[in-house]
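Worksheet: one structure, shown below.
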Amino acid sequence: KRLVVLVSGSGTNLQALLDEIDAAGAQAYGAEIVAVGADREGIEGLARAERAGLPTFVRKVRDYGTREEWDAALAEAVAAFEPDLVVSAGFMKIVGKEFLARFGGRFVNTHPALLPSFPGAHGVRDALAYGAKVTGCTVHFVDDGVDTGPIIAQGVVEVRDEDDESALHERIKEVERRLLVEVVGRLARNGYRIEGRKVVIQ
Ligand code: GRF
């Protein structure tokens, strides 16, 4: 299976996928990353892709007259690589109708909180501020909401009294990277069905 991964930051989730595919071999893992896309230049995630010899592309919202034009351009850029599965690994933009029309049902996101708790761009900070005793990460299919699509898997992470946002986020990412690698591999190898809010992996 062909994966396109979208990033906006450090790309450690991307790196976890690259390392697993490198270690297991694309054949055994069931997928290979064919391209990495971003919404901005100069991020470590793109450097990681380049170091791995992968094609990269950037589509910046501000380069387009409207959000819809950006969304269509992003969808075009992704479609050029003919992916079977698109993975948002820290991609910090909400995609629109055009993108979902083409990739809905095969677009997976990882979120650093236990959805439906703490959706949005500050899930780690919000869980900490709320005083949650456990939080975690969620891998889910992307739908037309914000972090509202059908949940595939979740991992639990305890919140410690001394945690600040970055310490907690790092601990979450340790679980998140393993969860993402495991879920993407299973989706790619086994195939899956989405039945309402349930995801059935064969
Ligand atoms: C991940 O925790 C992801 O869930 C969140 O941002 C982080 C991205 O980390 N949206 P990285 O870029 O994969 O290191």
Would you point out the residue of the range 141-163, among those that are open to solvent by 80 Å² or more (accessible area, probe 1.4 Å) and farther than 20 Å from residue 99 by Cβ, that is farthest from the ligand (Cβ to nearest atom)?
161
Where residues in the range 15-60 are hydrophobic (A, V, I, L, M, F, W, C) and out of contact with any strand residue (DSSP E or B) (no Cβ under 7 Å at 6 or more places or on another chain), which of them is nearest to the ligand (Cβ to nearest atom)?
16
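Scanning the range 164-173 for residues that are within 10 Å of the ligand (Cβ to nearest atom) and surrounded by 14 or more Cβ atoms within 10 Å (Cβ to Cβ), which turns out nearest to residue 125 (Cα to Cα)? Don't jump to the end; show me each part of the working.
To start, the set of residues in the range 164-173 that are within 10 Å of the ligand (Cβ to nearest atom) comprises 169-170, 172-173.
In the following step, the residues that additionally are surrounded by 14 or more Cβ atoms within 10 Å (Cβ to Cβ) were identified as 169, 172-173.
On the way: 169: 9, 172: 12, 173: 14 Å.
Looking at residues that are within 10 Å of the ligand (Cβ to nearest atom) and surrounded by 14 or more Cβ atoms within 10 Å (Cβ to Cβ), I get 169.
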Could you tell me which of the residues 138, 110 is in contact (Cβ under 8 Å) with a residue 60 or more places away in the chain and either within 16 Å of the chain's Cα centre (by Cα) or within 24 Å of residue 83 (Cα to Cα) (or both)?
110
Tally up the residues in the range 77-131 that are touching a His at 6+ places or on another chain (Cβ under 8 Å) and surrounded by fewer than 17 Cβ atoms within 10 Å (Cβ to Cβ), please.
1
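The values are calculated or read from the model by the stated rules, or taken from the named source; none is laboratory data. On a predicted model such as this, the values are computed, not experimentally measured, just so you know. Glycine also receives a Cβ, built like all others from the backbone with ideal geometry; neighbour counts cover every protein chain displayed. In case anyone asks, the SASA skips ligands and DNA or RNA and just uses the protein heavy atoms, side chains included. Shrake-Rupley method; radii C 1.70, N 1.55, O 1.52, S 1.80 Å.
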